[in-house]
Amino acid sequence: MPDVITTEAIARPAGPFSAAVRSAGLIFISGQVAQDPATGKLLDADVGVQTEQALANLAAVLAAAGKSLADVVRVGVYLTDMNDFAAMNAAYDQVFTHPYPARTAIGVAALPLGARVEIDAIAI
């Protein structure tokens, strides 16, 4: 059975899913948006600030699993506007260092709660 990872350090999930699941030596972290952990509300901010909060939420889930951003091997980034790529990338570059995880950035029509960016990850 997979090991479900939960934490009170992020807002409650907005649907029927786990914050993360550990299976076969990997940790699969569900997509994180810029929800304020204290209020559960999406930050009404530009994509750079939303990226910072989404990554902070991702780091909180990793901490609950006894891991950190340094353990991330793959990241998925979902943007509602690919013109926001540079701002997202600048915020992303502040938390990930060499060797960088593999990453995909995908343009999507919409995201939960009206977010401008959502980020998921796999860690070892």
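Taking Kirkwood radius over Cα pairs in Å as calculated from this structure, the corresponding entry among [x] 15.1; [y] 15.6; [z] 14.4 is [z].
Available extension along the chain between ALA86 and ILE106 is 5.9 nm, counting 0.36 nm per residue and deducting the alpha carbon span.
When DSSP beta bridges are restricted to pairs lying wholly in region 3-123, around 75% turn out antiparallel.
Assuming charge only on the beta carbon of Lys and Arg (+1) and of Asp and Glu (-1), the dipole of region 3-123 about its Cα centre is about 300 debye to the nearest 20. Taking amide H atoms as placed 1.01 Å from N in the peptide plane, the amide H of ALA20 lies under 5 Å from those of ILE5, SER30, each 5 or more residues away in sequence or on another chain. Computed over the chain, the per-residue total of -39500 (n - 2.57) for DSSP H runs of n ≥ 4 gives a 222 nm mean residue ellipticity of -7000 deg cm²/dmol, rounded to 500.
Computed from the coordinates by the stated procedures, all read-outs in this text should not be read as laboratory data. Just so it is clear, the structure is predicted and the values come from calculations on it, not from any experiment. All Cβ positions, even for glycine, are placed from backbone atoms using ideal geometry, and neighbour counts span all protein chains on display.
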